[in-house]
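Student: Below you'll find the structure I mean.
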Amino acid sequence: MGFHEVRFPASLSFGSVGGPERRTEIVTLANGFEERNTPWAHSRRRYDAGLGMRSMDDVETLLAFFEARRGQLYGFRWKDWSDFKTGAASATPGWQDEVIGTGDGVTRSFQLSKTYASGGASYTRPIRKPVSGSVTAGIEGTYYREGLHFEVDTATGMITFEDAPSIGFTVTAGFEFDVPVRFDTDRIQTSVASFKAGDVPTVPVVELRL
């Protein structure tokens, strides 16, 4: 699957709308009770990139980006302004934000992840596209430095320590991240007249499974 490690202009995604989508299969039984199930282990996000357009210069930037991706052919990075980092929305990501694993004395590589918790239930989302230079990490309460104690693969979201964490040691991390997406259309229709009248193009974007 083709993927370009380039981010859609963040200034244009800022005005977009979108978020996670789940798929739930519901069967209503004869007695009125329901059975609910889902074939998806993870949610899938959808956005509309067209709503971030504010000028014809923005439209030109969008068209150039669309053509360079060959429409739906190549995936790219997307900044979801409502959910792009660990920790509190108002705070800088910290190295103790997320527990991403537990040491076994052998494993050196861990997948970055973000956990969403509410009311005693939780969901852990794998993070495949961390932002370069934003990842901090620690082991059992000790801060570790990127380039000295660990390396990050920003194309896969794997963090690899120089030495395997000891058995039972908690591995933590904090970071910013992008969403891997592609355009969900092979056609963009724009009109100078309609754009000046406030009618912006619809440009659907959908998350990729990686």
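The values are calculated or read from the model by the stated rules, or taken from the named source; none is laboratory data. For clarity, every value in this text was computed on a predicted model and none was experimentally measured. Note: ideal-geometry Cβ built from the backbone for every residue, glycine included; neighbour counts use all protein chains shown. The protein model used for the area step is the full one, side chains on, heavy atoms only, and it has no ligands, DNA or RNA in it. Shrake-Rupley method; radii C 1.70, N 1.55, O 1.52, S 1.80 Å.
Student: Among (1) within 30 Å of R145 (Cβ to Cβ); (2) modelled with pLDDT under 95, there is one condition A49 misses while meeting the rest; what is its number?
Tutor: Result: A49 fails condition (1) only.
Yes or no, residue by residue, for (1) over 30 Å from V59 (Cβ atoms); (2) open to solvent by 70 Å² or more (accessible area, probe 1.4 Å):
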residue: I139; (1), (2): yes, no
residue: R145; (1), (2): yes, yes
residue: T172; (1), (2): yes, no
residue: V181; (1), (2): no, no
residue: Q189; (1), (2): no, yes
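Student: Condition test on F65, is it assigned to a helix (DSSP H, G or I) and touching a helix residue (DSSP H, G or I) at 6+ places or on another chain (Cβ under 9 Å)?
Tutor: yes
Student: Which residues, taken from the stretch 88-120, are assigned to a strand (DSSP E or B) and open to solvent by less than 40 Å² (accessible area, probe 1.4 Å)?
Tutor: Selection gives E98, I100, G101, F110, S113, K114.
Student: Limited to the stretch 70-87, what total is found for residues that are open to solvent by 20 Å² or more (accessible area, probe 1.4 Å), within 18 Å of F177 (Cα to Cα) and part of a loop (DSSP other than H, G, I, E, B)?
Tutor: 6
Student: Identify all residues within the stretch 21-60 that are touching a helix residue (DSSP H, G or I) at 6+ places or on another chain (Cβ under 9 Å) and in a strand (DSSP E or B); write none if there are none.
Tutor: Y47
Student: Within the stretch 37-52, can you find the residues that are open to solvent by less than 80 Å² (accessible area, probe 1.4 Å), within 21 Å of Y74 (Cβ to Cβ) and not hydroxyl-bearing (S, T, Y)?
Tutor: Scanning the stretch 37-52 gives R44, R45, D48, A49, G50, G52.
Student: Still on this structure, please answer the following. For the stretch 147-170, what are the residues that are open to solvent by less than 50 Å² (accessible area, probe 1.4 Å), within 30 Å of G2 (Cβ to Cβ) and assigned to a strand (DSSP E or B)?
Tutor: Once the filter is applied, which keeps residues that are open to solvent by less than 50 Å² (accessible area, probe 1.4 Å), within 30 Å of G2 (Cβ to Cβ) and assigned to a strand (DSSP E or B), the stretch 147-170 yields F150, V152, I159, T160.
Student: Next question, about the same structure. Under 7 Å by Cβ, and 6 or more places apart or on different chains, what pairs join a residue from the stretch 65-80 that is touching a residue at least 40 places away in the same chain (Cβ under 8 Å) with one that is assigned to a helix (DSSP H, G or I) and open to solvent by 20 Å² or more (accessible area, probe 1.4 Å)?
Tutor: So the pair list comes out as K79/A10.
Student: Further question on the same structure: Would you pick out the residues in the stretch 1-18 that are open to solvent by 50 Å² or more (accessible area, probe 1.4 Å) and under 22 Å from K114 (Cβ atoms)?
Tutor: E5, R7, F14, V17, G18
Student: Further question: What are the pairs with Cβ atoms under 7 angstrom where one residue, in the stretch 1-12, is in contact (Cβ under 8 Å) with a residue 60 or more places away in the chain and the other, located anywhere, is open to solvent by 50 Å² or more (accessible area, probe 1.4 Å)? Sequence gap at least six, or different chains.
Tutor: G2/L73; G2/Y74; F3/Y74; H4/Y74
Student: Here is a follow-up. Only one of these is closer than 21 Å to T185 by Cβ and either over 15 Å from the mean Cα position of the chain (by Cα) or loosely packed, with under 11 Cβ neighbours inside 10 Å (or both): E67, E21, E34, E25. Name it.
Tutor: E67
Student: Moving on. Quick check, is Y123 open to solvent by 40 Å² or more (accessible area, probe 1.4 Å), among the aromatic types (F, W, Y) and within 18 Å of the chain's Cα centre (by Cα)?
Tutor: Answer is yes for this residue.
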